[in-house]
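A short worksheet on the structure shown next.
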Amino acid sequence: MKLFTNKKMKRIPVIDLLKAGEVGATVTTSGWVRTKRESKNVAFIALNDGSIIHNIQVVVDMESAIAGVLGRISTGAAIAVTGKLTESGGSGQKVELAAEHIVVLGEADPEKYPLQPKKHSLEFLREIAHLRFRTNTFSAVTRVRHAMIFAIHKYFTEKGFFNIHTPIITASDCEGAGEMFRVSTLDPINPPRTEDGAVDYSKDFFGKQTNLTVSGQLEAELAALAMTKVYTFGPTFRAENSNTSRHLAEFWMIEPEIAFADITDDMDLAEDFLRYLVAYALEHCPDDLEFLAKRLEDEEKNKKVEERSPMGLIDKLRFVVDNEFVRLTYTEAIDILRNSNYNKKKKFQYPIEAWGADLQSEHERYLVEKHFEKPVILTDYPKEIKAFYMYQNDDGKTVRAMDILFPGIGEIVGGSQREDRHNHLLTRMREMGLPEKEMWWYLETRVYGSVPHAGFGLGFERLMLFVTGMGNIRDVIAFPRAPKSAEF
Ligand code: 4AD
Ligand code: MG
C-alpha cells in the first residue's frame, strides 16, 4: 500500500502540526477519525493520533476529486492526509489541514464501530478496553501515566538512586499476608506427591513453592545495604479478593530503599517525592489535566451537593504541592477518630472502639478529608497489624511504620524503618511463624554490616487516581486485573 503521494514526505505527528505547524507548509499526517461533518461545500474531519488531546481539523473541498473517498471515512477509520496547513478559523486551533490527498488506511463500519462520538460510560469503556485508548479520557490518562513514569526515574536519578530490577517470581511472601498467586509447572490434576500425600514441590520447576511477588522490598533492602540508595519500580501481584475502586490484583509499585536512614528520613523522602511528581504533572501535562479537570467537574455535577469535592482537580494538585503533610502517630489518630462526631453518630461502617484496630479506608479518608483537610502521614502502628520487617519501638507494642493518606484515596504510600537488629528480627519472625531457614539471606544482612535503613512503597495506580482525578483504579491502567477480570 502506498501511504503518501510524495515519497519524501515524512509523517508529521498531530502534536507537531498543532504546536509548530507553519501556515503554507505542505505536510502529511495520519490518525483515526473522531468525527466527520459534511455540508454542501466542505467536509470537516477531526483527526487524532494520540500524540495530544486535541484533534487536527482536516478540511475537504466537496468540489475536489478527493471528496469521493468521504463515503469510506467515518468515526474510527484510519486515514493518511496530505495537504496544506492553513490558518484555522475554528475554535482555539492555530492551523487546520486543507486536504489535497487522502488515503483510507482502514475503514470502520459505522453500523458496528462501538465508539460513536457521544459520551460513553467508563463501565462500558472497560468492556471495550481494546478500543478505549481512542477516547479523550483514556488517552489523556495514558499520556499522564507516561509522564509520571518518566518523572519517577528522573527524580531518583537526580537524587543519586540506582534502579534495580527485583524478581517477579519469588519464594517469599514479603507482606506475610498469604495473598499470592502460585507459579508452578506441575500437572494440576496429577501432581507428584510426597509420602504423606502432600504436593511435592521439590519436583516443581524451581525445586520449591514459588509465587508472583507482592513487593520488591526484601531484595531492594539487600541492594540498599551496599548501594545506599536504590529503588525498584515493577509490577506486583496480590490475590486479595478486594473488589473495590482502589484495588487491583496486578499493580505497579515504586519502592525506594535507603541506608543510613530512619523513619523521619523516610517520611521526608516520600513527601518530597510525591510533591515533585504532582508538580511535574502540573508543569508537563497542562492540556491533559485541563481536560481531566473538566471531566471531573462534569462528573461532580451528578453528585449531591454535600458529596461534591470543594476543590477542582488542578486546585487539589496545587494544594498538595504547596502544603506540608500533617504527621501524627497511629495512637493520636485513634483518639481523634474515637472522639469524632462520625464515630459517635455511628457514621463509620466499622466503628472505632479500641486501640489496635486496623484503619479502614473510611477512617483514613475522615482524617484527611474532614479532620485535617491535608495529606496525612501516620506513624508507629501496632505491631500486630503490620509486617514482620518493621523496626520495633521500645514500648514493645508499636513499630516504626509510616502510611501516607491522600484525599479521595486513603492509603497511597506504605513504608517503614526496617528492623536492623538481628535478634529482634529473628524473634519477631519466630513469633509470626515465618520460615527463617528459607529467609537466611535476609537475616544474614543483619549479621554483616547491618545499618539503620528505611523505605516505602508508592502504589503507582493510586498515584494515578490522585493526579488524574479518575474515580476507579481500573481506569488508570490499560488492562486491569481484578477478581474475575482478565479479558484483554
Ligand atoms: O502498604 P503495602 O502493602 O507496602 C508494601 O508492600 C511494602 N513492602 C512497601 C515498602 O515498604 N517497600 O503497599 C504499598 C502501596 C500501598 O500504600 C498502596 O498504595 C499500594 O501499594 N497497594 C495497592 N495498589 C493497588 N491495588 C492493590 N491491591 C494494592 N495494595 C497495595
Ligand atoms: Mg499498607
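Observations, loosely collected:
- Extending 7 Å from the Cα toward the beta-carbon at both Gln360 and Glu431 defines two label points whose distance is 2.7 nm.
- Rough spin-label spacing in nm, given labels placed 7 Å along Cα→Cβ, for Thr35 and Glu306: 3.9 nm
- Lys208 paired with Ala486, simple spin-label distance in nm, labels 7 Å along Cα-to-beta-carbon: 2.4 nm
- A simple count of charges around Tyr350, restricted to other residues whose Cβ falls under 10 Å of its Cβ and scoring Lys, Arg +1 and Asp, Glu -1, yields -3.
- Mean Cβ neighbour count within 10 Å, used as a protection proxy, ranking 138-149, 174-185 highest first: 138-149, 174-185
- Amide proton proximity set for Ala249, modelled H, under 5 Å, gap of 5+: Arg481, Ala482
- When Lys118, Lys383, Lys159 are arranged by Cβ crowding within 10 Å, least crowded first, meaning fewest neighbours, the order is Lys118, Lys159, Lys383.
- Rounded if a/c under 1.5, otherwise prolate or oblate - region 208-269, Cα gyration tensor axes: oblate
- Three-way shape call for the chain based on the alpha-carbon gyration tensor, with the a/c threshold at 1.5: prolate
- Here the Kirkwood formula, the inverse mean of 1/r across different C-alpha pairs, assigns region 410-488 a hydrodynamic radius of 15.9 Å.
- Whole-Hz ³J(HN,Hα) from phi, Karplus 6.51 cos²θ - 1.76 cosθ + 1.60, for region 324-329, glycine and proline x: 6, 6, 7, 10, 8, 8
- Only helices enter the 222 nm calculation for the chain: every DSSP H run of n ≥ 4 contributes -39,500 (n - 2.57), and dividing by all residues gives -8500 deg cm²/dmol, rounded to 500.
- Taking Cβ atoms as reference points and 15 Å as the exclusive limit, the residues near Met432 contribute a net charge of -2, counting Lys and Arg as +1 and Asp and Glu as -1.
- Rounded if a/c under 1.5, otherwise prolate or oblate - region 2-106, Cα gyration tensor axes: rounded
- Relative contact order of region 2-106: 29 percent, from C-alpha pairs under 8 Å at least 6 residues apart in sequence.
- Residue-wise HN-Hα coupling along region 363-371, computed from phi with Karplus coefficients 6.51, -1.76, 1.60 (Hz; x: Gly, Pro): 6, 4, 6, 4, 4, 6, 8, 9, 7
- Net +/- balance of residues flanking Ala98 in space, Cβ distance below 10 Å, scoring K and R +1, D and E -1: -2
- A simple packing score, the average count of other Cβ atoms within 10 Å per residue, orders the peptides 335-343, 44-52 as 44-52, 335-343, with the highest score first.
- Region 50-80 versus region 221-291: alpha-carbon centroid distance in Å: 42 Å
- Relative contact order %, the chain, counting alpha carbon pairs below 8 Å whose residues are six or more apart: 13 percent
- Net lengthening on full extension, Thr264/Asn241 (0.36 nm per residue, minus Cα-Cα): 4.9 nm
- Between Leu328 and Tyr350, residue separation times 0.36 nm minus the direct Cα-Cα distance comes to 5.8 nm.
Any read-out appearing in this document is the output of simple, stated calculations on the displayed coordinates, not a laboratory observation. Note that this is a predicted model, so its numbers are computed, not measured. Reconstructed Cβ throughout: ideal geometry from the backbone, glycine too, with neighbour counts over all protein chains shown.
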